[in-house]
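See below for the structure under consideration.
The values are calculated or read from the model by the stated rules, or taken from the named source; none is laboratory data. Keep in mind that this is a model prediction, so the values were computed, not measured. Methodologically, a virtual Cβ is constructed for each residue, glycine included, from the backbone with ideal geometry; neighbour enumeration extends over all protein chains shown.
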Protein chains: 2
Amino acid sequence: MEKVGRFNGIQAHKWEEFAMRKVLLATCLGLIAAVAAGGALANDELSKMSQNPKDWVMPAGDYANTRYSKLNQITTANVGKLQVAWTFSTGVLRGHEGGPLIIGNMMYVHTPFPNKVYALDLSKDNQIVWKYEPKQDPNVIPVMCCDTVNRGVAYGDGKIFLHQADTTLVALDAKTGKVEWSSKNGDPGKGETGTSAPLVVKDKILVGISGGEFGVHCHVTAYDLKSGKLLWRAFSQGPDDQLSKDSSLKTWQGDQWKIGGGCTWGWLSYDPALNLVYYGSGNPSTWNPKQRPGDNKWSMTIFARNPDTGMARWVYQMTPHDEWDYDGVNEMILSDQQVGGAERKLLTHFDRNGLAYTLDRTNGELLVAEKYDPTVNWTTGVDMNKSSPTYGRPKVVDKYSTAKGGEDVNTKGICPAALGTKDQQPAAYSPDTQLFYVPTNHVCMDYEPFKVSYTAGQPYVGATLSMYPPPGASHMGNFIAWDNKTGKIVWSNKEQFSVWSGALATAGGVVFYGTLEGYLKAVDAKSGKELYKFKTPSGIIGNVTTYEQGGKQYIAVLSGVGGWAGIGLAAGLTDPTAGLGAVGGYAALSNYTALGGSLTVFSLPQ
Amino acid sequence: MEKVGRFNGIQAHKWEEFAMRKVLLATCLGLIAAVAAGGALANDELSKMSQNPKDWVMPAGDYANTRYSKLNQITTANVGKLQVAWTFSTGVLRGHEGGPLIIGNMMYVHTPFPNKVYALDLSKDNQIVWKYEPKQDPNVIPVMCCDTVNRGVAYGDGKIFLHQADTTLVALDAKTGKVEWSSKNGDPGKGETGTSAPLVVKDKILVGISGGEFGVHCHVTAYDLKSGKLLWRAFSQGPDDQLSKDSSLKTWQGDQWKIGGGCTWGWLSYDPALNLVYYGSGNPSTWNPKQRPGDNKWSMTIFARNPDTGMARWVYQMTPHDEWDYDGVNEMILSDQQVGGAERKLLTHFDRNGLAYTLDRTNGELLVAEKYDPTVNWTTGVDMNKSSPTYGRPKVVDKYSTAKGGEDVNTKGICPAALGTKDQQPAAYSPDTQLFYVPTNHVCMDYEPFKVSYTAGQPYVGATLSMYPPPGASHMGNFIAWDNKTGKIVWSNKEQFSVWSGALATAGGVVFYGTLEGYLKAVDAKSGKELYKFKTPSGIIGNVTTYEQGGKQYIAVLSGVGGWAGIGLAAGLTDPTAGLGAVGGYAALSNYTALGGSLTVFSLPQ
């Protein structure tokens, strides 16, 4: 049994020092070139830009992934008067995840496949300055598990970076939209697709990959900002996990790690002071646990990596030997908070498995692991006894173990469902309240594993699912406030459907999120009291952002129903078990909304 | 030379009396059945419903096609405070013409192909009560000349009537969306398509047909409201024009009338007191005038027909032997006004040819025919001398005659362009100001006819066009107020692009329209002063409507750029001469908006 947390952290650190030397020369040369060109590193510019609350320069607003804005024109007292200021249709149907970037007077809006990018001039009546629409083989669509989503673009060094569905990472001139370079990050023929938002760190652009339902061997890869040259690639499992030699190999049977998933389609965070990037890895492939004995490291794992080298500093596997598709890709939110009288550098993560984790992000020490939905029943909790051989592991309830149930047995009533108590929809953190605002799913499932053979580019799922609200509940979502130090829900608002939209916290004391029916909602950060709601054109699975333009604070959100929860609507599926079980669970959504991507922007009246 | 106007009216009337007898028995039987069932005629119900300004029960709001509402909560004083109340995405891209019906707490929203219909409950947060989506052969799309538009549904007898792209006229239970009957109105294999809104008159549903660019032999047809049985069909030309035997045959060479166009895809009006329906017929096919000598009657003609029999009471051909594709399908607006001291029953029509006509609708007497854009140059005006052999005919300027120019000659600088000074976008009439509010195109063209052979289902256009603003003008549209008694523009607002949206006049003294960039605008009915504008998600080619719900007045408009003017965006065309010349003319539109259908609903703040 591998130890986790601090132990791995120390072990990894040594290995990293060795590997660091290998890439030092290349990095230094790059650095010299950048300095010679008179340019500061892109992340110096970005770090500075992210301090300006008028802009929204990276997918989560800042490197810490807090989705918190210091803008405070819109307050709990006046948010009820919010109005729609302007709107913009993207011209694309299906699910619109992510949100726009705002840099000065420019806004960059992305879409799902075919992955259009619009540059709008906010100072000129939001006119379209340029539009980019890649030509992509539509055959990528059938290998996108959970709608044709894309979670957004990144900015750095005067360029807009887009990770296309076909895994092309493209750098566009932010002023003109001209393609500066493009690199291929994967092969859709093997089920490798691009859905995640990249992150610019220093002179690199980092990007993950999707394909956990196709047996993809997933990784995070760093490309050179200027040229698109591949600088390092860190796989989630196998000999190239950039952690410690063979740290994961022995937790897989044979060479199953080669088709082992551990995908990396979530959000990336970065701590410039510690020089570490953080992200989670997804489910091991297949979903049939009997077919892949072992802990399947480092699937379902929080990674802390050195962005210069790709080497892991520490790891923590949340769900060894996953039996439920509890992808660990959800975002890591970085905060500095007082814990037990001492200032701690924390990392808070709301996992698909229904547990919210608080760790020391310097070393991976596990501080808190608690259920953030009381219906979570597959585990009784995490072993927090540091001297225990199972320290850090969740205690699995036999009744809900699909591995114990075995192949072709339908294990019923597992909570949460495969799409987790939370999926990709990012939470927000307010330093004012020291609370986390979490869009959650309130959904359970029946799960029947079956034997499946691997064929490159073909689904490698190995389980049939159905999803439904927990017993006695008629609602399928909650929007909650979470205390990451005590591991407790502070308040919880029921929502009819899963909250599949990313939250926004603001210095005005107002928290925003969207609903699958299409409402943008504003609530009081302290109490959760609903202060405003507005029905946007379609269901919201995008993330709420805010910016200031011409002295006025705006709230912006993409609507356009879809994603996993909305896949029935998005792909026109009707069989209840289709969409990996989502079609039946969310069938009622069609009574409330229809497809269509558009941006809705709000402000206070003149 | 055929005489026009009153003369034809009298002639037609006699013929009609004879033909009336033929259908009298069937009509009477239907009437007896309706009375026996205890039901009043559908149009008694409809006429009454259309008096209730809270509803919007037919495409134009009323039978007179005024697009005027007695609602007056929203006034010139408060319209500046208008807000978006709610929005609804239709899930369909491409051009959204027409507008929703509102009947009690229900709203019926239609879309372009695939012609979805949504029934929304306005009293229950606009939830989707039912949705209808026909299965149609997508091969109909290439035979739709000017985008895959649909101009709306009709209501009568508890049913919603939809004229699908594939010409299926379908009756849906207004409560459940269940198909009650369907009838096939044409054959897309011959280029016959459905784009127009039907009109319920008494126990019948009347509908036209599209296909003037495919040599379709066009007609208006009446179906039985209860059963969908075809009751009468009146062709625009040929022996079955239901006017007078052979009244049109001799104005065609040979049997060209069989592929002669004269399509009927515009709006229908109805005067219950006179028991006449009014509509216009479109261009003769082909667009190459040399190929079809003669006046090509009754293309380009205003028809007054008896809805019981289909027989014409009077006709007036506006553009004999069309040389410019000046379709005569635009709506007939019925008003009762004082002219020269006497109350007259008027019909006002803004033709594609750039002339606005005022006629006595009882007999077709021509009262006024004046240019409603000063740049109109193909004619010096209409011969108004009743004793002249050319009475009622436009005087054509040789320089702009494409017939005189001949085949393969590019006649330049013709104003207006083929899409007319106004196209389908309906004007509004306010009895308060006695002014007409007209969305117009300010566009000229070069026109080069060429010889074309007829093949069923293939384009039969026979001309290449390019479109552009008039010399010296940078704008391509005007929104004007028109005095139909004097034939003069009262005020005119410039718009960057053609105003392709239908207008709404209200008792609050506010007139509304939409722009191709996507703005909903509110102007003062008296002065044209802009009082409010809002950027909806996409360009507006829909018609503005208003209704009252829960004591509050709402303004609703479909956005979703497309139609002929927006065909470049809608169909992804880039060749400037594509889209019958519209692609080049409106290329700049892509700097302002993108595709996507959605309804935006406005109201005053609480």
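Assigned to a strand (DSSP E or B), of a type in the set (A, V, I, L, M, F, W, C) and within 27 Å of A:Asn363 (Cβ to Cβ) - does that describe any residue in segment A:243-255?
no
So how many residues does segment A:142-190 have that are farther than 19 Å from A:Pro112 by Cβ and of a type in the set (Val, Ile, Thr)? Of the residues in that region, 2 qualify. The condition of being under 27 Å from B:Asn363 (Cα atoms) and at pLDDT below 95 holds for only one of B:Ala37, B:Ala42, B:Ala60, B:Ala33, that being B:Ala42. Reported count of residues in segment B:56-99, each being within 14 Å of chain A (Cβ to nearest Cβ) and assigned to a strand (DSSP E or B), is 7.
Under 21 Å from the mean Cα position of the chain (by Cα), within 19 Å of A:Leu93 (Cα to Cα) and surrounded by fewer than 23 Cβ atoms within 10 Å (Cβ to Cβ), is that true of A:Pro114? Answer is yes for this residue. The residues of segment A:175-194 that are within 29 Å of A:Asn105 (Cβ to Cβ) and either buried (at least 24 other Cβ atoms within 10 Å of the Cβ) or aromatic (Phe, Trp, Tyr) (or both), listed by number, are A:Trp181, A:Gly194.
Does A:Val339 satisfy being in contact with a Phe, Trp or Tyr (Cβ under 6 Å, 6 or more places away or on another chain) and of a type outside the set (Gly, Ala, Ser)? No: the conditions fail for A:Val339.
In the set (1) away from every other protein chain (no Cβ under 13 Å); (2) buried (at least 24 other Cβ atoms within 10 Å of the Cβ); (3) within 17 Å of A:Ser69 (Cβ to Cβ), A:Phe602 fails one condition alone, (1). If only residues of segment B:324-359 that are farther than 24 Å from B:His219 by Cβ and part of a loop (DSSP other than H, G, I, E, B) are counted, the one that is farthest from the chain's Cα centre (by Cα) is B:Gly341. Of B:Leu516, B:Leu531, all but one fail to be modelled with pLDDT of 95 or more, hydrophobic (A, V, I, L, M, F, W, C) and closer than 13 Å to B:Leu82 by Cα; the exception is B:Leu531.
A single entry from B:Asp166, B:Asp157 fulfils the requirement of being farther than 22 Å from B:Ile555 by Cβ, away from chain A (no Cβ under 14 Å), among the acidic types (Asp, Glu) and under 22 Å from the mean Cα position of the chain (by Cα): B:Asp166. So A:Gly596 clears everything in (1) of a type outside the set (S, T, N, Q); (2) within 14 Å of chain B (Cβ to nearest Cβ); (3) under 23 Å from the mean Cα position of the chain (by Cα); (4) within 18 Å of A:Gln425 (Cβ to Cβ) except one condition, right? Which one? Going through (1) of a type outside the set (S, T, N, Q); (2) within 14 Å of chain B (Cβ to nearest Cβ); (3) under 23 Å from the mean Cα position of the chain (by Cα); (4) within 18 Å of A:Gln425 (Cβ to Cβ) one by one, A:Gly596 breaks only (4). Across segment A:558-579, what is the total count of residues that are within 14 Å of another protein chain (Cβ to nearest Cβ), surrounded by fewer than 24 Cβ atoms within 10 Å (Cβ to Cβ) and in contact (Cβ under 8 Å) with a residue 40 or more places away in the chain? Selection size over segment A:558-579: 1.
Can you tell me which of A:Ser527, A:Ser559, A:Ser498, A:Ser492 is more than 27 Å from A:Lys345 (Cβ to Cβ) and touching a Phe, Trp or Tyr at 6+ places or on another chain (Cβ under 7 Å)? Break it down stepwise before answering.
On the way: A:Ser559 fails: touching a Phe, Trp or Tyr at 6+ places or on another chain (Cβ under 7 Å); A:Ser498 fails: touching a Phe, Trp or Tyr at 6+ places or on another chain (Cβ under 7 Å); A:Ser492 fails: touching a Phe, Trp or Tyr at 6+ places or on another chain (Cβ under 7 Å).
Only one candidate qualifies: A:Ser527.
Residues in segment A:535-557 that are away from every other protein chain (no Cβ under 14 Å) and crowded, with 24+ Cβ neighbours inside 10 Å were compared, and the one that is farthest from the chain's Cα centre (by Cα) is A:Tyr547. Checking A:Ile74, A:Ile102, A:Ile128 one by one, the residue that is free of Cβ contacts under 8 Å to residues at least 12 places away in the same chain, in contact with a strand residue (DSSP E or B) (Cβ under 6 Å, 6 or more places away or on another chain) and not charged (D, E, K, R) is A:Ile128 and no other. Can you find even one residue in segment B:500-517 that is under 23 Å from the mean Cα position of the chain (by Cα), within 14 Å of another protein chain (Cβ to nearest Cβ) and in contact (Cβ under 8 Å) with a residue 60 or more places away in the chain? Yes, because at least one residue in segment B:500-517 is under 23 Å from the mean Cα position of the chain (by Cα), within 14 Å of another protein chain (Cβ to nearest Cβ) and in contact (Cβ under 8 Å) with a residue 60 or more places away in the chain.
Residues that are within 14 Å of chain A (Cβ to nearest Cβ) and among the β-branched types (Val, Ile, Thr) do not occur anywhere in segment B:137-149. When every residue of segment A:580-589 is checked against the conditions, at least one turns out to be within 14 Å of chain B (Cβ to nearest Cβ), out of contact with any Phe, Trp or Tyr (no Cβ under 7 Å at 6 or more places or on another chain) and either of a type outside the set (S, T, N, Q) or more than 27 Å from A:Gly266 (Cβ to Cβ) (or both). B:Gly472 meets all of the listed conditions (1) touching a helix residue (DSSP H, G or I) at 6+ places or on another chain (Cβ under 6 Å); (2) over 29 Å from B:Gly211 (Cβ atoms) but one, namely (1).
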